[in-house]
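Report on the following structure.
The values are calculated or read from the model by the stated rules, or taken from the named source; none is laboratory data. Keep in mind that this is a model prediction, so the values were computed, not measured. In this analysis, Cβ positions are derived from the backbone assuming ideal geometry, glycine residues included, and neighbour counts consider all displayed protein chains. The protein model used for the area step is the full one, side chains on, heavy atoms only, and it has no ligands, DNA or RNA in it. Shrake-Rupley method; radii C 1.70, N 1.55, O 1.52, S 1.80 Å.
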Amino acid sequence: MGEKRIIYMDHSATTYVRQEVVDAMAPYHTENFGNPSSIYRIARASKKAIDTARAQVAQALGADADEIYFTSGGSESDNWAIKGIASANIRKGSHIITSQIEHHAVIHTCQYLEKEGFTVTYLPVDRYGLVDPADLEKAITDKTILISIMYANNEIGTIEPIAELGAIARNHKIPFHTDAVQAVGNVPIDVNAQNIDLLSLSAHKFYGPKGVGVLYIRKGTKIDNLIHGGGQERRRRAGTENIAGIVGLGKAIELATADIEGHNKKIQAMRDRLQKGIIATIPSTHLNGHPEKRLPGNINISFEFIEGESMLLWLDDEGICASTGSACTSGSLEPSHVLLATGLPVEISHGSLRLTLGNINTDADVDFVLEVLPKVVTRLRDMSPLYKKSGKDGGCNVQ
Amino acid sequence: MYSDKVMDHFKNPRNVGEIENPSGVGEVGNPVCGDIMNIYLKIENNVITDAKFKTFGCGAAIASSSMATELIRGKTLEEAWDISNKAVAEALEGLPPVKMHCSVLAEEGIHKAINDYRKKQGLEPWVEKNPHSHDHEEDGEGLTCQH
């Protein structure tokens, strides 16, 4: 068992850390461990390293360095953007607009604010997961204080029309936040051209370390602090800086955005072959997400008549790491809110499989998954009472 | 997250399939909830001589079906009726708390199959001693899908 090859196809969950990033971080664990707030030499080295990382992030986003704030990751950045804007603008209004397919870091934060008296509009999406800019325009009221729409969806990979949505927000002078955790390194980002006022990102999605992220805040944006305490991050985010993490994030974003086109070409070629192969060899499948406007490494397919967790267990047995939108892996009652928002029937949502390819994958990995997956699906369908009842190609029409 | 026993019964499920002309069939669960279990029984002289299953569901649902059919083979109907969901879970060396529901489904499937047989024989169906609060089919709302 221990010698089995691991085929990692869950890059949207997290990535490994690139060796160049590990190497860049190492000195800040050992010799340059000083607290950047101190004045001696080793502390000055820490301070300088943070400045470098800040410049690297600014460069990647087309922002200014003093608009970059380091956080503990995507969830903190989302919480800060939403709660911080909400509390700073409470006198102006208490209406927030977001979408039905956001990450839980956004949805649950909005639900918390609803309990505190805010009103939230959750924009619907079409069958591909796209938000319609016309819906956003219609939802805006004179009480709207924040619009938050994700850049690219973590489950189905759909890329939203961010520049267009941002332009609508700009016309109404409403701050526009985007959770770009899945987008960095896969889509060219320019906060000015795309009318973005706040942007969340997380290092461990682009071959950096876990536990460190960024909130980009456009100059002049009215926002309260989330973490109170010391004067770090220009008095905006307290807490001694995670220097090694910040250095790693800076190096990782520099590498991830150096050649997005080249990276996408390579990943997308493997993804397309895998996706076509799965659909060609396995009947009764359903591709989730947009056929073109999607992240280069993302595949999300539902297999009728079977349940996602049992698929993952068999794939894991073969060394393949993947994920599912089935309720059975989430500990909740409902399958993926994203799949349901696209109108996918609940019973088919339970049979969804997400494969997300990344730098680590090879053509041999694609071949192996194409060999294993059909067997797993057949095996589970053979023991599924739904399969026989459905006939050859009928829907999941039991009860 | 699963015990070795659960993984063993998931990967090598015992008694998968259907029985031709079964003495009793129990179908429980709901595809909307992500699990459906069909239990087929062959009963001779009040003894379960064969038990098979077909299940749509997670690893725990498949393992629970496999273990439940193992436990009731060769048992009298009275003995089989008394096998609780806890007994199924214990035989599997435990299930994660969120998956206990799957063992409940197995118990319900057996009960339904036994009562299906009793009805066919013109006998009164037995009454559940401890009806579970979340029977999928009767529950219109609330705790329907308790994974």
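If you check A:Gly157, A:Gly166, A:Gly84 for being in the same structural domain as A:Asp224 (by TED's automatic domain parsing) and under 23 Å from A:Ser336 (Cα atoms), only one passes: A:Gly157. Just one of the listed residues (A:Ala139, A:Ala105) is touching a residue at least 24 places away in the same chain (Cβ under 8 Å) and within 21 Å of the chain's Cα centre (by Cα), namely A:Ala105. Take the residues of the stretch A:317-334 that are buried (at least 24 other Cβ atoms within 10 Å of the Cβ) and more than 7 Å from every other protein chain (Cβ to nearest Cβ): which is modelled with the lowest pLDDT? It comes out as A:Gly325.
Being within 27 Å of A:Ile159 (Cβ to Cβ) and surrounded by fewer than 19 Cβ atoms within 10 Å (Cβ to Cβ) is the filter here, so list the residues in the stretch A:287-316 that pass it. A:Leu287, A:Pro291, A:Glu292, A:Lys293 - these are the residues of the stretch A:287-316 that are within 27 Å of A:Ile159 (Cβ to Cβ) and surrounded by fewer than 19 Cβ atoms within 10 Å (Cβ to Cβ).
Taking the criterion of being open to solvent by 10 Å² or more (accessible area, probe 1.4 Å), more than 10 Å from every other protein chain (Cβ to nearest Cβ) and either touching a Cys at 6+ places or on another chain (Cβ under 8 Å) or without any contact (Cβ under 8 Å) to a residue 60 or more places away in the chain (or both), the residues of the stretch B:23-51 that qualify are B:Lys42, B:Glu44, B:Asn45, B:Asn46, B:Val47, B:Thr49, B:Asp50.
Looking at this structure, is B:Val88 aliphatic (A, V, I, L, M), open to solvent by 10 Å² or more (accessible area, probe 1.4 Å) and closer than 19 Å to B:Glu128 by Cα? Don't jump to the end; show me each part of the working.
Working: aliphatic (A, V, I, L, M): yes; open to solvent by 10 Å² or more (accessible area, probe 1.4 Å): no; closer than 19 Å to B:Glu128 by Cα: yes.
So B:Val88 does not fit the description; no.
With respect to the numbered conditions (1) within 19 Å of B:Asp35 (Cα to Cα); (2) open to solvent by 20 Å² or more (accessible area, probe 1.4 Å), which one is the sole condition not fulfilled by B:Phe56? If we test B:Phe56 against (1) within 19 Å of B:Asp35 (Cα to Cα); (2) open to solvent by 20 Å² or more (accessible area, probe 1.4 Å), just (2) comes out false. When the stretch B:104-129 is filtered for residues that are open to solvent by 70 Å² or more (accessible area, probe 1.4 Å) and touching a residue at least 60 places away in the same chain (Cβ under 8 Å), the ones remaining, listed by number, are B:Lys112, B:Lys120. When only residues in the stretch A:343-385 that are of a type in the set (Ser, Thr, Tyr) and in a helix (DSSP H, G or I) count, which is surrounded by the most Cβ atoms within 10 Å (Cβ to Cβ)? Among those residues, the one meeting the criterion is A:Ser349. Filtering the stretch B:69-84 to residues that are open to solvent by less than 20 Å² (accessible area, probe 1.4 Å) and either among the polar types (S, T, N, Q) or within 14 Å of another protein chain (Cβ to nearest Cβ) (or both) leaves only B:Thr69.
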